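Remarks on the structure that follows.
Any read-out appearing in this document is the output of simple, stated calculations on the displayed coordinates, not a laboratory observation. What you are looking at is a predicted structure, and each value in this text was computed from that prediction instead of being measured.
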Amino acid sequence: MSEARVLTENPGILTRTEFDQQTRERISDDGPGENYGGWYCVSTRPFPCPAEGCEFTALHMTAAHLILVWPESDDPAMLGFASDAKKFGRDPHIVEWESPFGPALSYYRWTRIGRPVHGMLDPPAGWPERRNRHE
């Protein structure tokens, strides 16, 4: 995360509510949602949203406060995320997503809507190229 500029005391920062609404609009503009039953995600130790003042804490790899999911348990992009999480001590595990975990978003749909991440003005150096190595 040190590579990215993280939002701080900027009067133009989107609140979590504004960010979540804007993200929902981008997702609905992308087309109808999917049923993610039988898809996979990466569970992790709890970690906070990078946005200053946001109280969201994730128990899975997330983007835009949504659990990222993949259709296959050996998807190269998901394995790349799990590897990155391991480097940061988040104890990742590939698990089948279940609705009680919380709302989900396909990794591939997330990339189509521009990879929004709450609290980041600029993506880290090498992003999205770094992620594309896993696709």
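Under the rule of at least 5 residues apart or a separate chain, name every residue whose amide H is placed under 5 Å from the amide H of Leu105.
Ile67, Leu68, Val69
Per residue of region 62-76, what does 6.51 cos²θ - 1.76 cosθ + 1.60 with θ = phi - 60° give for ³J(HN,Hα)? Whole Hz please, x for Gly and Pro, Karplus curve as stated.
Once θ is set to phi - 60°, the couplings for region 62-76 become 10, 8, 6, 6, 10, 6, 6, 10, 10, x, 10, 6, 10, 4, x Hz.
Under the rule of at least 5 residues apart or a separate chain, name every residue whose amide H is placed under 5 Å from the amide H of His60.
HN-HN under 5 Å from His60: Thr44.
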